[in-house]
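The values are calculated or read from the model by the stated rules, or taken from the named source; none is laboratory data. Worth saying up front: this structure is predicted, and the values here are computed from it rather than measured. Virtual Cβ from ideal backbone geometry, glycine too; neighbours counted across all protein chains shown. These accessible areas exclude ligands, DNA and RNA; they are computed on the full protein's heavy atoms, side chains included. Shrake-Rupley method; radii C 1.70, N 1.55, O 1.52, S 1.80 Å.
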Amino acid sequence: MGWRGWVLLLVAMTLATAALGAAPAAWTHVTVLRADGGRLADVTLAWALGGYLLEAKSADGQVTTLSPDQVRQVLSFDERDLTDEVGAACPADDIDFHLLGSRKHVPFRFALMADAGGGVALSNGNGGSKANGALVAGLRVGISDQLHARVGFRGQHASEATSAVGGTMAADTGELLVMMGIRLTRPRENNNYAYLEAGVSLVHYSDRFGADGRSLADADLVTISPALQGGVVLPLNRHVGVDIGGFVSSRGSLDAAAEQTVLSVGATVGVTLR
């Protein structure tokens, strides 16, 4: 065999080796124990959808598709535990944790998640800005892995400078927030919940003032304003987390005669329960 033949043989062996290396791993004659108590016996198991699903194929060709969290254990024909081996062979290359086995990662999910906390808000009222405390609380309802709805309350002490009396107008505002939220990362990319929420706030004023700085009779006025907030929930365990966020909202001035819109920008820290 000449040198050209050896080169062709070497190239063919390299291609064959690469093809074998690229072939997806499969486990034959295994039993899959499901999280719901069911079992799939004597099947061939392989990863699918880039490593985010598992396919179990029976001898008659029937294919059952499973998400990793539906699988409790994988056993070989001689009852050896293959769960960690299957988990470690997951071909997904955009995650740094296992989806199956003792090292698996449980994505952040919730059906209901309550939050409560406090922070500081900066408002640009009537020619000046002043930082005031804010209290927040709410309830998020999970719609899907990446969508949720939130109903919340934010109360803060508002103050604005007034040239009419050379002092400051001050009142308490309470906001009822109705918002839709989206998760900013895919559920399996990390173990937190980064979110962006948009909606409306119904603002109630404890007092509003006239040009002379005196309280008006329309203190029970409620206005509707746009609201935006975002942040991240960092889990401490399966039920408790820390919510670090910020918000932007608008409302009318405490000066009833003023036509300006007051913007409030703030940061909050709270505790979540899910």
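The figures follow:
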{"read-out": "Leu112 - accessible surface, heavy atoms, 1.4 Å probe, Å² rounded to 10", "value": "100"}
{"read-out": "Separation in nanometres of the label points that stand 7 Å from Cα toward Cβ, at Ala114 and Ser76", "value": "5.0"}
{"read-out": "Peptides 73-80, 203-210 ordered by average Cβ neighbours within 10 Å, highest first", "value": "203-210, 73-80"}
{"read-out": "Total formal charge among the other residues, if their Cβ is under 15 angstrom from that of Asp243, Lys/Arg +1 and Asp/Glu -1", "value": "+3"}
{"read-out": "Ile143, Ile224, Ile244, reordered so the largest accessible area comes first (probe 1.4 Å)", "value": "Ile224, Ile143, Ile244"}
{"read-out": "Segment Asp84-Leu147, extension gain: residue separation times 0.36 nm, minus the distance between their alpha carbons", "value": "19.5 nm"}
{"read-out": "Solvent exposure, largest accessible area first (probe 1.4 Å, DNA, RNA and ligands not counted), of Val240, Val30", "value": "Val240, Val30"}
{"read-out": "Accessible area, probe 1.4 Å, largest first, for residues His98, His29", "value": "His29, His98"}
{"read-out": "Integer Hz, Karplus 6.51/-1.76/1.60 couplings in order for segment 143-158, x for Gly and Pro", "value": "9, 8, 5, 10, 10, 8, 10, 9, 10, x, 10, 10, x, 8, 8, 10"}
{"read-out": "Computed accessible area, Val151, all protein chains, 1.4 angstrom probe, square angstrom", "value": "80"}
